[in-house]
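The values are calculated or read from the model by the stated rules, or taken from the named source; none is laboratory data. In this text, all values refer to a predicted model and were calculated from it rather than measured experimentally. Note that each Cβ is placed from the backbone with ideal geometry, even for glycine, and that neighbours are counted across all protein chains shown. Side chains are part of the model used for accessible areas, which takes the heavy atoms of the whole protein and leaves out ligands, DNA and RNA. Shrake-Rupley method; radii C 1.70, N 1.55, O 1.52, S 1.80 Å.
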Amino acid sequence: MDTAEFKKRGREMVDYIAEYAETLSQRRVTPNIEPGYLRHLLPYNAPHKGEEWEDIMKDVERFIMPGVTHWQHPRFHAYFPAGNSYPSILADMLSDAIGCVGFSWAASPACTELEIIMLDWLGKMIGLPHDFLCLSDHGTGGGVIQGSASECVLVSLLAARHATIRALKQQHPFVEEGVLLSKLMAYCSKEAHSSMEKAAMIGFVKLRILETDDRFQLRGTTLAKAMEEDRAMGLIPFFVMATLGTTSCCSFDPLYEIGPVCQKDGIWLHVDAAYAGSAFICPEFQYLMRGIEYASSFNMNPNKWMLLNFDCSTMWVKDRFKLTQALVVDPLYLQHSFSDKAIDYRHWGIPLSRRFRALKLWFVIRKYGVEGLQKYIRDHVRLAKKFENLIRKDDRFEVVNNVHLGLVCFRLKGSNNLNQKLLSSINASGKLHMVPASLNDRYVIRFCVCAQQATDDDISHAWEVITQFTSDLYEIMKMDNKEKNKRQEEEDEDNKENTDESVDEVFMLDRKKRQSLRYKRSFFVRMVSDPKLYNPKIVRSQSSTGSRRHTSDPVDDTGVVTPV
């Protein structure tokens, strides 16, 4: 490594990252490009000779940034937060520089031991029972950093499957494992994350997706009834995933009801708290995890809402030996002289290779402290409540979920199509970015407080954009209805020729507003028919037809096509 060159370029990169963060609000939140845009900008083949660093960085702005969705943007309110902070970024830089592959204690002792301690720190911070901690008096539990919540769910299911098959083989030693496997049944609610469905597919087990109540929660009575029905059919319930903070609406399954149902028959209960888990740092939100003592495993994503950048999904188990028994593969070249005394995280997950991710937890927790992280969470919740109050004051809207944390689900009082038009037009403008969800077949719009430095002004701005597009949409619908009625009247009068002047007289609008609304009506039609936007039916039935921007379309200084 050329250390002089590395120092120079390293400083330049840090400056570039800092400037990006400072000027992020000046960029368009979502890209204004079509699929395949980049293949026309980059060469067909890799360069034969190395290129100048300056040219590479220039091309980052020319080619890469125009295709980036800026998750840290103050106008980004989609999905859930993508955690970030400078201590986390710098920790990742140090981890990359060290370049260790910490699959075992011997491969990098600090990598393993810091992870053990950090998972105990974090487990105590969020109020997990001591059974989940590695360094507690009991000593059978423990935590591990996985790459994603999907990995946490899969690993938990595999551990539960292995333990169940092992127990069944003792009862039925002459029955083939494949026969036993075919009888295993897992459970989750219809609001559970899709990773549960994928885990069941990979694990070759059956999955029953259960209905929720009017608050989108899986109730214990529903689960117990389903298990009773399945047992009557010769199936074997073995795994349940409950969710604390569902993706669609941030609802919370009552663990205090589900837990006893699982405990009665020794069924593995996994709790997915990918987003909401970080909120449990605040004591006032820990009531939402009442019944956690019944869980066999638990996961959360600090890389969502705890100022850590991706990837850092934390997972705890009550019995780490059940987990490792399901995943242990121990070739000679991976063994070492301390194998019987140390934890080797290669037995705790799918991949062998592991990065030094515990550094991020250590840096962030030390820099902000529990108090600073609590303040960050509470401020996001406060801003979400502010947005909720703004919605409730406008009779055109309704709030659909119980706003516990930083997610507000809302909709216009009207059809699904009406709400789809509203969201599609807002997203296409580039002024905000939100995504939809379906709750009991109703199309709702999800607004999440995401930006690290989110402010009251950001909430006010978002509400102004939403209400302006809503007013425009209603105005356009009114305009369309009047045009439709006018056309019907003209047809009744022997198809008299329609003129712009007669329409103008009907609208009673000044010319500038008429032109604006006509353009916006055209804009709405184009956006709703654009397969890039959030309408799965349209996406399935249509394919992209190339760029839709015309030279006559108004363009703002960020390159976004917007209604005038």
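If you go through the stretch 130-150 and keep only what is among the aliphatic types (A, V, I, L, M), open to solvent by 10 Å² or more (accessible area, probe 1.4 Å) and assigned to a loop (DSSP other than H, G, I, E, B), you end up with just L135. Note on the stretch 259-288: residues that are among the aliphatic types (A, V, I, L, M), in a helix (DSSP H, G or I) and either modelled with pLDDT under 95 or open to solvent by less than 10 Å² (accessible area, probe 1.4 Å) (or both) amount to 3.
Filter the stretch 452-475 for residues that are open to solvent by less than 10 Å² (accessible area, probe 1.4 Å) and among the aliphatic types (A, V, I, L, M) and give the result. Can you show your working first?
So in the stretch 452-475, the residues open to solvent by less than 10 Å² (accessible area, probe 1.4 Å) come out as 459, 462, 466, 470, 473.
I459, A462, I466, L473, listed by residue number.
In the stretch 26-58, how many are in a helix (DSSP H, G or I) and either surrounded by 14 or more Cβ atoms within 10 Å (Cβ to Cβ) or of a type in the set (V, I, T) (or both)? Counting residues in the stretch 26-58 that are in a helix (DSSP H, G or I) and either surrounded by 14 or more Cβ atoms within 10 Å (Cβ to Cβ) or of a type in the set (V, I, T) (or both) gives 2. Entry remark, the stretch 73-129: residues being β-branched (V, I, T), assigned to a loop (DSSP other than H, G, I, E, B) and open to solvent by 30 Å² or more (accessible area, probe 1.4 Å) number 1 in total. Residues in the stretch 377-403 that are within 30 Å of L154 (Cβ to Cβ) and open to solvent by less than 30 Å² (accessible area, probe 1.4 Å): 3 in all.
Of all the criteria given as (1) of a type in the set (A, V, I, L, M, F, W, C); (2) open to solvent by 70 Å² or more (accessible area, probe 1.4 Å); (3) modelled with pLDDT under 95, the one not satisfied by W362 is (3).
What about E191, is it open to solvent by 30 Å² or more (accessible area, probe 1.4 Å), over 14 Å from D319 (Cβ atoms) and among the acidic types (D, E)? Considered against the rule, which asks whether it is open to solvent by 30 Å² or more (accessible area, probe 1.4 Å), over 14 Å from D319 (Cβ atoms) and among the acidic types (D, E), E191 comes out as no. Just checking, does the stretch 246-253 include any residue being open to solvent by 10 Å² or more (accessible area, probe 1.4 Å) and assigned to a helix (DSSP H, G or I)? Looking through the stretch 246-253, none of the residues is open to solvent by 10 Å² or more (accessible area, probe 1.4 Å) and assigned to a helix (DSSP H, G or I).
Of the strands (runs of 3 or more DSSP E) lying entirely inside the stretch 298-417, those containing at least 2 residues that are over 30 Å from S460 (Cα atoms) and within 26 Å of the chain's Cα centre (by Cα) are 313-317. Out of M227, M196, M185, which single residue is in a helix (DSSP H, G or I) and either exposed (fewer than 14 other Cβ atoms within 10 Å of the Cβ) or within 29 Å of the chain's Cα centre (by Cα) (or both)? Result of the check over M227, M196, M185: M196. Evaluating L235 against the criteria (1) surrounded by fewer than 17 Cβ atoms within 10 Å (Cβ to Cβ); (2) touching a helix residue (DSSP H, G or I) at 6+ places or on another chain (Cβ under 8 Å); (3) within 22 Å of S156 (Cα to Cα) leaves one unmet condition, (2). Pairing residues of the stretch 175-187 that are closer than 12 Å to L235 by Cα with residues that are assigned to a helix (DSSP H, G or I) and among the β-branched types (V, I, T), at Cβ distances under 8 Å and at least 6 apart in sequence or on separate chains, gives L180/I165; L181/I165; L184/T164; L184/I165.
Considering (1) over 18 Å from D311 (Cβ atoms); (2) in contact with a helix residue (DSSP H, G or I) (Cβ under 9 Å, 6 or more places away or on another chain), the lone condition that S88 does not fulfil carries the number (1). Looking at N32, N45, just one residue is polar (S, T, N, Q) and more than 30 Å from D458 (Cβ to Cβ), and that residue is N45.
Taking each residue of the stretch 250-263 that is at positive phi and without any contact (Cβ under 8 Å) to a residue 40 or more places away in the chain and looking for partners that are open to solvent by 10 Å² or more (accessible area, probe 1.4 Å) and of a type outside the set (S, T, N, Q) with beta-carbon atoms closer than 7 Å, six or more apart or interchain, yields nothing. Residues that are touching a strand residue (DSSP E or B) at 6+ places or on another chain (Cβ under 7 Å), open to solvent by 10 Å² or more (accessible area, probe 1.4 Å) and touching a residue at least 60 places away in the same chain (Cβ under 8 Å) within the stretch 436-450 comprise P436, A437, listed in sequence order.
Cβ separations smaller than 6 Å between residues 6+ apart or across chains give no pair from the stretch 279-293 residues that are without any contact (Cβ under 8 Å) to a residue 12 or more places away in the chain and closer than 23 Å to L307 by Cα to residues that are of a type in the set (K, R) and surrounded by 15 or more Cβ atoms within 10 Å (Cβ to Cβ).
Going by the structure shown, is I17 hydrophobic (A, V, I, L, M, F, W, C), within 27 Å of the chain's Cα centre (by Cα) and surrounded by 12 or more Cβ atoms within 10 Å (Cβ to Cβ)? Please lay out each step first, then the result.
On the way: hydrophobic (A, V, I, L, M, F, W, C): yes; within 27 Å of the chain's Cα centre (by Cα): yes; surrounded by 12 or more Cβ atoms within 10 Å (Cβ to Cβ): yes.
So I17 passes the test.
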